[in-house]
Structure formats: structure tokens, C-alpha cells
1. Can you give me the number of residues within segment 155-165 that are within 15 Å of Ala131 (Cβ to Cβ) and part of a helix (DSSP H, G or I)?
2. Scanning segment 101-149 for residues that are in a loop (DSSP other than H, G, I, E, B) and closer than 26 Å to Arg175 by Cα, which turns out modelled with the lowest pLDDT?
3. In contact (Cβ under 8 Å) with a residue 24 or more places away in the chain, hydrophobic (A, V, I, L, M, F, W, C) and over 20 Å from Arg306 (Cα atoms): which single residue out of Leu173, Leu151, Leu144 fits that description?
4. Among the residues of segment 83-99, write down those that are of a type in the set (D, E, K, R) and under 28 Å from the mean Cα position of the chain (by Cα).
Amino acid sequence: WGLGKTHLLQGAADLARQEHPDRRIVCMTAEAFTNRFIEALQSRTVSEFRRLVRRADLLCLDDAQHLAGKPKTLQEVVHALDDTHARGGRVLLVFDRSPALLDGLPEDLRSRLVSGLVVELETPDDETRVALAQRLTAKRGLKLSPESLALLRRTPMRSVRELQGCLARAEALHRLMERDPAQPIGLIALRQALAHNAASARTAFTRPPTVQQVLRTVCDLFVVDPGEVLNGERHARVVLARSIIVKLLKELTTMSYPEIARALRRPNHSSVITAARRLDQRISSGRCCDAGPRLGELSCEAALLRAREAVLAAAA
């Protein structure tokens, strides 16, 4: 998702090598782990492979979500975790979502993961996003107008990578439109770049999520019982989750409002339209909401963004 997970993992491995040159540091992707394990099975060198991964003082695995659904490889990972931990070593694993939300993991591995320190990398907040934008444009010898900075502050983004892409497009449009490219990047160029980003996000996945994927993912994220969403419960967080589910089903699928109403057991399609409009009003007015024990208090706009990210990841 472009939040710097791989960068941090590699940085941790490099720092460990610098500070402890006598220690064994193993850093690889989950795909490389899987491929090397398969090669070891085929060449009958499993013992050598196990010496490599089980005797590490620091074992780092990137993109560990790709291990899901591979039972033999996952069992090797469990043994590697146990052996490394028993010898006082450390293990760092990077996932694109919480292990608690990832299907295809055995419960013994999931319990080991959640018993450790689970750190979530969040999308850049408003001030961080603006500071990054100023730094990135300054590197290109440009700057953003005050109006453009204000627009960026109001526009959530999923990742630093998305921000970089938006600014690159805004710069290209700015150079085409402005007689003096040294002038700050204005609202017209930035709005066109943001509109392109939004359109790309809607087509970035190969298949639309199912109703169950959206329902389960949003309910897991906000710690809400799906049954309460479907049964018309009026608790504030349930209403928020239901409204976001309606918005995402309309945005990410081909379902009509009447179809969404039937899927969510609502009495008629006007009820889901009202839910979507109320959420839009709360977003436009900058309202905050209780997003549950996992996320805490967020702006309604940020809550919708986090839910969209989680659903797209689940549908990928």
C-alpha cells in the first residue's frame, strides 16, 4: 500500500547488521521463503534450509500475507518462529493487513502473531500529508499554492505512493498549462490530478468485492456484529458501519440501491440512499465519529477511507 513497510523492515535488518555484525540476520520476502523451501524439498536439502531460517538471530519476512493458504510453508514458518524465539532471537513479519483479518492462516500461527507486538502503519494524517507534499515538490524545484495545500489537507490518501503519483501528475499538468512553470502549482492542476487518482482507485482491482466481503470487512474493522447491521440496530457505530457498507457497495460493485437494500435487509431503497447521503453530509461538514476500539475517533472521511482500503485488500 506504499506506507513504507518494506523500507522499515529493510532498515531494521540493516541496523541489526551494523550494530551486531556477529549476529545472523536473515531477511527475505515470503515468496522467496516459499521458493527456497520448495527447492529444498526437491533437492533434499531441507536440513540446510532449516539451519538458515531457524538459527537466525533476526528473521525478517516481507509480504507475509502471501503465505496464506500454503499449509506446508506455513508450518515451516511456525517452526522457525518457535525455534528462533526459544533461542532468544527476534522475528519481524510484514503483512498488508492485520493478521486478525487475514484468511488462510492456521490458528496456531495467528495466535503467535497476535501475542507479539502488532504495529499498524497508518495512512498519512492531514499535517503529515501536507508536509510530505511540500518536501516532494521542493525536491522538484516547485511549490504548491496555499489553496492547493489546503485542498491536500482536506483530501485523504491511501499511501505516500498515491501522494507521489498525484503530485507528479499535477506537476505535468502545471507545466503544460502555465506560461511560467516556476509559479506555484495551482488548484486547477491539482484538482485534475486528484480526479485522476480517484478514477484509478475505482478500477485498481480486478473483481468487485462481494456483499459478504464488504459486510465482514467493515464490521471487523469497526468491531461491530454483522447481525446488528442487518437487523437495523441504531447504535451510533452500527449506523456508521451500515452507512459505509452502503457507500462501498454502491462505489465498488454494480449493485443498485434496491439491490443493496435487499442485501442489507432494509425495508426499501430510500433507506439506504438516506444512509449514504447522511454520511456524505457528515464528511462534507468535517464531522468525527467513534470508529471503535481498534481505530478510535476519526473523521468520517478517514473512516470511509480506512474501510475502502480494507475492502479492496480483502477483494484483491
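1. So the count comes out to 3.
2. The first filter runs over segment 101-149 and keeps only residues in a loop (DSSP other than H, G, I, E, B), leaving 102-106, 116-125, 140-143, 145.
Now narrow it down to the ones that are closer than 26 Å to Arg175 by Cα: 140-143, 145.
Numbers: Arg140: 86, Gly141: 89, Leu142: 90, Lys143: 92, Ser145: 93.
Residue satisfying both the conditions and the ranking: Arg140.
3. That would be Leu144, the only listed residue that is in contact (Cβ under 8 Å) with a residue 24 or more places away in the chain, hydrophobic (A, V, I, L, M, F, W, C) and over 20 Å from Arg306 (Cα atoms).
4. Arg90, Asp96, Arg97
The values are calculated or read from the model by the stated rules, or taken from the named source; none is laboratory data. As the structure is a prediction and not an experimental result, all values here were calculated from the model. Virtual Cβ from ideal backbone geometry, glycine too; neighbours counted across all protein chains shown.
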